[in-house]
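Bear in mind that the values in this text are calculations on the coordinates, not laboratory data. Just so you know, these numbers come straight off a predicted model, no measurement behind them. Here the Cβ positions follow ideal geometry from the backbone for every residue, glycine too, while neighbour counts run over all protein chains shown.
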Amino acid sequence: MLLWFRNDLRTHDNPALHYFLNNTRSESSRKAFFFVSESQWRQHDWSTIKIDFIKRHALALVAELAELNIALEIVYVDDFKSQVSYLKNYCQKHKVQQVIANGELEFNEQQRDAECIKQGIVLKLFEADVIVPKGKVLNQSGQFFKVFTPFKKAWLQYVQRFGFEYLGKIGVDYHKGPSATALLDNGASSAWPLAGEFETKVMPHFFNEKLTAYANNRDIPSIKGTSGISPYLAIGAISPRFVLFSLINKFPDIIVATDSPEFAWLNEIIWREFYRHLLFHEQRLCKHQNFNEKYQDIEWRSEQVLFQAWCDGKTGYPLVDAAMRQLNQTGWMHNRLRMVVASFLTKHLLIDWRLGEKYFMQKLIDGDLAANNGGWQWAASTGCDAQPYFRIFNPIRQSERFDPNGDFIRKYIPELMEVPVKHIHFPHQYIKELQQTLYWSPVVEHKEARLKALAFYKR
Ligand SMILES: Cc1cc2nc3c(=O)[nH]c(=O)nc-3n(C[C@H](O)[C@H](O)[C@H](O)COP(=O)(O)OP(=O)(O)OC[C@H]3O[C@@H](n4cnc5c(N)ncnc54)[C@H](O)[C@@H]3O)c2cc1C
């Protein structure tokens with residue numbers, strides 16, 4: 001029997017690992033693989049920081065699994081095709097009867113697994129990426145939900161009725177950091193601790209100190225009011241079932257206390273589930289098709305200069321620009337800002353959401369197809385339970401509401417450091433009057449862009 005790690009780089013609550021441990025004898029040599037497939041990952045637009053983060057966790061896993069007498073080998077192969085042939089050869093050579101792994105949701109990953117089976121590899125798959133199994137949250141006609149709120153109700157009912165399977169920790173010391181650094185690209189992700197430290201220090205701190213204020217603080221980008229757990233969930237280094245288990249431990253009524261301030265956070269975890277369940281039912285989303293087919297023929301504008309200004313954080317709208325600079329500099333962006341910049345690209349600049357989706361994936365440490373596609377299609381109004389096309393964020397108003405003193409803006413746009421609060425959200429006129437030669441000029445005018453977008457979408 002062989003264990004194959006993929007998007008589940010953890011020993012904690014890992015169903016494939018549990019099965020493997022229960023069905024192999026500890027004294028026999030236990031073997032596991034993890035494939036580093038950079039060209040495949042690049043095809044999927046995975047960012048350097050995410051790849052670095054994965055490699056750090058793979059190294060940590062080698063040490064953790066050694067304590068369980070499992071030798072994890074990290075194998076470099078180019079792509080999924082090579083993974084299949086490598087496994088096939090290994091299984092034939094070593095007479096491996098069965099390969100154990102956790103399933104992956106995305107289209108190419110599923111095609112790869114189908115190819116393994118076609119090639120004669122006996123693959124036993126478990127589900128490790130969601131709390132409620134995919135395909136189990138359905139409406140009364142047995143269809144998947146296309147609106148979040150009824151999905152959420154049904155999801156909560158499912159958890160109340162059937163609970164959820166949490167396998168718990170196994171006896172390994174997962175605080176250990178990796179000693180070797182050979183696999184690391186450039187330490188790009190070093191600002192993020194390993195999952196073990198996140199689980200034992202950062203998450204309890206968030207639960208104890210920040211969760212109750214989450215609903216109030218989650219929209220303010222200058223405050224660290226959100227959990228920062230997304231990179232760990234995106235690479236499977238932390239289990240979503242462990243997240244719910246810990247939450248229930250701390251707030252036993254959370255599943256029914258939907259009005260409590262803490263529920264606001266669980267609500268977001270359920271959004272994650274919503275998009276994963278959606279991708280399970282609608283694999284065409286992996287091919288970046290509009291969820292709502294009526295938008296299939298939209299003729300997005302092809303404006304390279306405007307797109308570049310957006311990527312570089314030089315649109316002339318400070319909140320949009322600060323957000324893009326946060327992404328470019330740190331590999332992460334605050335959720336409120338993801339909504340603002342996505343709305344700006346699609347509705348102010350009328351540029352295809354797919355370009356924004358791709359750019360995000362190429363930069364984000366938490367790049368995740370289901371959540372990213374869901375978020376982009378939500379903002380572009382092409383998605384499942386998306387915002388209506390006529391809802392267009394005013395980037396100046398968003399700035400006044402969510403960064404009232406301009407603290408976040410000044411952090412990422414030091415050239416606006418001296419601009420007074422009353423001008424910080426749209427400093428164009430102020431700078432012009434000072435006759436400064438800053439680039440500061442908006443690429444589009446908000447009111448005009450809004451009217452254009454309304455006409456564009458209506459058409
Ligand atoms: C255009 C756009 C693109 C996005 N791309 C991604 C992505 O590639 N990867 C990603 O993990 N999230 C993505 N999100 C969702 C969200 O912005 C991030 O999950 C969140 O900012 C991560 O920070 P956090 O862990 O501190 O979140 P918290 O506020 O602490 O939330 C906890 C967890 O809930 C989940 N969650 C929160 N909001 C959402 C949401 N809107 N949709 C789905 N799940 C959510 C995440 O797993 C998150 O880690 C995107 C949102 C938008 C609008």
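Compute the signed sum of charges (Lys and Arg +1, Asp and Glu -1) over the other residues within less than 15 Å, Cβ to Cβ, of Leu434.
Neighbourhood net charge equals -1.
Evaluate the distance, in nm, between pseudo-label points positioned 7 Å from the Cα of Glu299 and of Asn22 along their respective Cα→Cβ axes.
5.9 nm
From the square roots a ≥ b ≥ c of the eigenvalues of the alpha-carbon gyration tensor of segment 244-318, which class results: rounded (a/c under 1.5), prolate (a/b over b/c), or oblate?
It comes out oblate by the Cα gyration axes.
Can you compute the label reach from Glu115? Point 7 Å from Cα along the Cβ direction, backbone N cut-off under 14 Å, restricted to segment 4-41.
Hits in segment 4-41 for Glu115 at 14 Å: 37-41.
Hey, got a sec? Which trypsin sites (Lys or Arg not before Pro) in segment 45-116 land in a DSSP loop and have at most 10 other Cβ atoms within 10 Å? Working shown, then result.
Working: sites: Lys50, Lys55, Arg56, Lys81, Lys88, Lys93, Lys95, Arg112; in loops: Lys95.
Answer by residue number: Lys95.
How would segment 2-126 be classified by its alpha-carbon gyration tensor: rounded, prolate or oblate, with rounded meaning a/c under 1.5 and the a/b versus b/c comparison settling the rest?
Since a/c reaches 1.5 but b/c is at least a/b, the shape of segment 2-126 is classed as oblate.
Quick check on the chain: helices-only [θ] at 222 nm, where DSSP H runs of length 4 and up contribute -39,500 (n - 2.57) each and the sum goes over total residues. Nearest 500, please.
Here the helix-only value at 222 nm equals -13500 deg cm²/dmol.
Restricting to the chain, compute how many DSSP beta bridges are antiparallel as a %, nearest 5. Don't skip to the answer; put the middle values down first.
Numbers: 1 of 19 bridges.
The antiparallel proportion sits near 5 percent.
Check each of the chymotrypsin sites (Phe, Trp or Tyr not before Pro) in segment 358-412 and keep only those in coil by DSSP with at most 13 other C-beta atoms within 10 angstrom; list them in order.
Answer by residue number: Phe390.
Which is farthest toward the positive dipole end of the chain among Leu105, Pro231, Gln140, measuring Cα position about the Cα centre, with Cβ charges +1 (Lys, Arg) and -1 (Asp, Glu)?
Of the candidates, Gln140 comes out farthest on the positive side.
Once Rh is set to the Kirkwood radius over Cα pairs, what Stokes-Einstein translational diffusion coefficient, in µm²/s, holds for segment 190-268 at a temperature of 10 °C and a viscosity of 1.306 mPa s?
122 µm²/s
Taking the number of other C-beta atoms within 10 Å as the exposure measure, put Cys116, Cys311 in order starting with the fewest.
Cys311, Cys116
Please name which of Pro221, Ile248, Ile424 has its Cα lying farthest along the dipole of the chain towards the positive end, using unit charges on Cβ (Lys, Arg +1; Asp, Glu -1) and the Cα centre as origin.
Ile248
Please list the radius of gyration and Dmax for segment 293-458, considering alpha-carbon atoms only, with Å as the unit.
In order Rg, Dmax, the Cα atoms of segment 293-458 give 15.4, 49 Å.
May I ask for the distance between the Cα centers of segment 237-303 and segment 200-235, given as a whole number of Å?
Measuring centre to centre over Cα atoms gives 17 Å.
For Glu282 and Glu418, what is the calculated FRET efficiency with R₀ set at 41 Å and r taken between the beta-carbons, to the nearest 0.05?
Result of the calculation: an efficiency of 0.25.
Give the relative contact order (percent, whole number) for segment 2-126; include only Cα pairs under 8 Å separated by 6+ residues.
33 percent.
How far is it, in nm, from the label point at Ala455 to the one at Ser441 when both lie 7 Å from their Cα along the line to the Cβ?
Going by the 7 Å Cα→Cβ label model, 2.3 nm.
Quick one: which of 140-147, 244-251, 61-68 comes out on top by average Cβ neighbours within 10 Å, and what's the full order, highest first?
Descending packing order for the listed peptides: 61-68, 244-251, 140-147.
How big is D, in µm² s⁻¹, for the chain by Stokes-Einstein at 10 °C and 1.306 mPa s if Rh is the Kirkwood radius over C-alpha pairs?
D = 67 µm²/s.
To the nearest 0.05, what FRET efficiency results for Val147 and Glu448 with a Förster distance of 25 Å applied to their C-beta separation?
Working from the Cβ atoms, E equals 0.15.
Given charges of +1 on the Cβ of Lys and Arg and -1 on the Cβ of Asp and Glu, with all other atoms neutral, how large is the dipole of segment 315-394 about its Cα centre, in debye to the nearest 20?
The calculated dipole for segment 315-394 is roughly 160 debye.
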